[in-house]
Amino acid sequence: MPDLQRIWCFVLLPVLSLFFLMSSPGRAQDAVWLQVEAQPTLTSAEERARDYASRLDNVAGFRLASGWYAIALGPYTPDAAVIELRQLRATRDVPGDSFVSDGAGFRDQFWPVGAIGLALQPPATPQNIEETAVSPPIPADETVAEARASERRLTRPEREEVQRALQVKGFYTARIDGAIGPGTRRAMAAWQDFAGYEPTGVLTTAQRTELLNDLRELLASLDMRPVSDIRAGIEIDLPSGLVDFQGYEAPFARYGGADVQILLISQSGDRDTLQGLYDVMQTLEIVPLQGSREMGRNSFTLTGRNDEIFSYTYAEVRDGAIKGYTLIWPTEDALRGRIALDRMQASFSPVPDAVLPDTAGDLTLQRPDLLAGLQIRQPEISVSGFYVTSEGSVLTVAEPLASCARITLGGEVEVDLVATDAELGLALLQPRARLAPLGIGRITDQIPRLQSDIAVAGYSYGGRLGAPTMSFGTLEDLRGLEGENSLKRLALNAQPGDAGGPVLDSGGAVLGLLLPRVSASDRALPADVHFAADANAISGFLETNGVTVAPPAATTEMAPEDLALLGADMTVLVECWN
């Protein structure tokens, strides 16, 4: 019987040992890995693992605890891993931010495809067959005193790495100096509390390893690498794990991926050109309205944020060239975006005597609503209005403006909605800075003659034409269809953007304000039927709100071209932004 027991032990012990090695990939003692990348999806991770496997041996892939997927090389003994990492970095076979991992965060294996486990003891080779463990296993738990003792053994670069990891996570805001002072203690305690540990302010060895591995995984997923764009004349580190070169579209060299966009800015110019770029960049959808804007003598920065993206733009002028960059990143991935931006800011280096020509890109793709292929921000609603005071107060229609987060005149001048009358459909806008309009609407108190000629000045096509158009028609009735005295019925062909524009008689006096067309499910009016708010109703609304109505000058009938100039001087584009 003892002999039989010895036989079973001889058979079972190797099997059980192999089972435990295969079922715990990250915990085999003395086995470490070179983690070279992390990808957000299984598909992208398999593609990268396949690429590495075509060039290197010992490629493996594991799902991480964070939900990402790690591509790793190994296993190795700790000393062998350090030597191998140094060699692979020197030959640029792996990214510069690859690191040695103990595999603690590794979960299910996905590469090689079909793998069910992996014995992680290093293979016996002449180089490592006589090696013994040089790094003790990480303690599962430590007292505060033991953690302090472990902390005292850290070198200054190791302490700086801890501070940097805490800084990246948003817990540490002071200078990276390698000194474990009160600020670093508070940051450690805050991270411990966030991670579900007792906030002692002293990291145990296991906690410190977890914190640093998180940082290394983030860096590996970005794969920040130096890019030298010779044509644009810019050298900068970019997250090559997330973006690829997409092409040139002056003044940008474009890099992008599924969720991230990067623009390298390169054009000839001076300070005036830089100011123009500063203004036009703020019209793009990639620069959200919420954020800071800073224009200096020779450079500017723009930041923007909304629920979907945040962006950062920097540009400078030097020696007749404007160089810079824009980063557009998903808001939900802000931590990695901040890491990428820090590296881009630190590495940005303009190259002299190289600049993108103005003709770079496919000129057949040009459109008025695009700048170098990027969508220009469009207002939610565009209507017309006209000046009623020499300081720039504007009368317009009320209906589309009630829910606007921001209202502008001509896309630039900020105004406040100071009064509305829902029954009349009128709104009064006040500019935040005093204006000096070329003309103001002079409102008549005379009863006009039926069938007389009228004209409406308005932005029929929004701001695309850059100036108002003039639509001519006739006055059909002094009242609305239901006999409303506050309305006039007109016959003319007008567009929705004309609403809010002044209705002028043949002498240039304002006899009404064009109202939006009323849509009803049970009836449809002829296309040329429009209504205007009556001049008396307009005067009463303005006087109630402290605006003195300017009377018309005694004039005779004007030529159509003169009437068009008069209308253009008093009419303004009103835009609603959300």
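Table: residues versus (1) more than 17 Å from residue 218 (Cβ to Cβ); (2) open to solvent by less than 30 Å² (accessible area, probe 1.4 Å).
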| site | (1), (2) |
| --- | --- |
| 312 | yes, no |
| 319 | yes, no |
| 329 | no, yes |
| 339 | no, yes |
| 343 | no, no |
| 348 | yes, no |
| 356 | yes, yes |
| 359 | yes, no |
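I'd like the full set of residues that are part of a loop (DSSP other than H, G, I, E, B) and in contact with a Cys (Cβ under 7 Å, 6 or more places away or on another chain), limited to the stretch 545-578.
578, the sole residue that qualifies.
Among the listed residues 421, 498, 453, identify the single one that is charged (D, E, K, R) and either farther than 21 Å from residue 394 by Cα or at pLDDT below 90 (or both).
453
When the residues of the stretch 416-434 are narrowed to those that are under 33 Å from the mean Cα position of the chain (by Cα), in contact (Cβ under 8 Å) with a residue 40 or more places away in the chain and crowded, with 16+ Cβ neighbours inside 10 Å, which ends up farthest from residue 496 (Cα to Cα)?
Checking each candidate, the answer is 431.
Exactly one of (1) surrounded by 15 or more Cβ atoms within 10 Å (Cβ to Cβ); (2) closer than 30 Å to residue 288 by Cα is unmet by residue 504. Its number?
(2)
Regarding residue 220, is this residue under 25 Å from the mean Cα position of the chain (by Cα) and under 24 Å from residue 72 (Cβ atoms)?
It is true that residue 220 is under 25 Å from the mean Cα position of the chain (by Cα) and under 24 Å from residue 72 (Cβ atoms).
Hey, residue 539 hits all of (1) closer than 25 Å to residue 467 by Cα; (2) in contact (Cβ under 8 Å) with a residue 60 or more places away in the chain; (3) surrounded by 16 or more Cβ atoms within 10 Å (Cβ to Cβ) but one; which does it fall short on?
Unmet condition: (1).
All but one of (1) over 26 Å from the mean Cα position of the chain (by Cα); (2) at pLDDT 95 or above hold for residue 196, so report the exception by its number.
(2)
Could we say that residue 524 is open to solvent by 20 Å² or more (accessible area, probe 1.4 Å) and either among the aliphatic types (A, V, I, L, M) or in contact with a strand residue (DSSP E or B) (Cβ under 8 Å, 6 or more places away or on another chain) (or both) here?
Against the criterion (open to solvent by 20 Å² or more (accessible area, probe 1.4 Å) and either among the aliphatic types (A, V, I, L, M) or in contact with a strand residue (DSSP E or B) (Cβ under 8 Å, 6 or more places away or on another chain) (or both)), residue 524 qualifies.
Let me confirm something: among 335, 284, 289, which residue is modelled with pLDDT under 90 and either in contact with a His (Cβ under 6 Å, 6 or more places away or on another chain) or open to solvent by 60 Å² or more (accessible area, probe 1.4 Å) (or both)?
The conditions single out 289.
The values are calculated or read from the model by the stated rules, or taken from the named source; none is laboratory data. Everything numeric in this text was worked out from a predicted model, so none of it was measured. Glycine also receives a Cβ, built like all others from the backbone with ideal geometry; neighbour counts cover every protein chain displayed. Areas reflect the complete protein model, heavy atoms only, side chains present, ligands, DNA and RNA absent. Shrake-Rupley method; radii C 1.70, N 1.55, O 1.52, S 1.80 Å.
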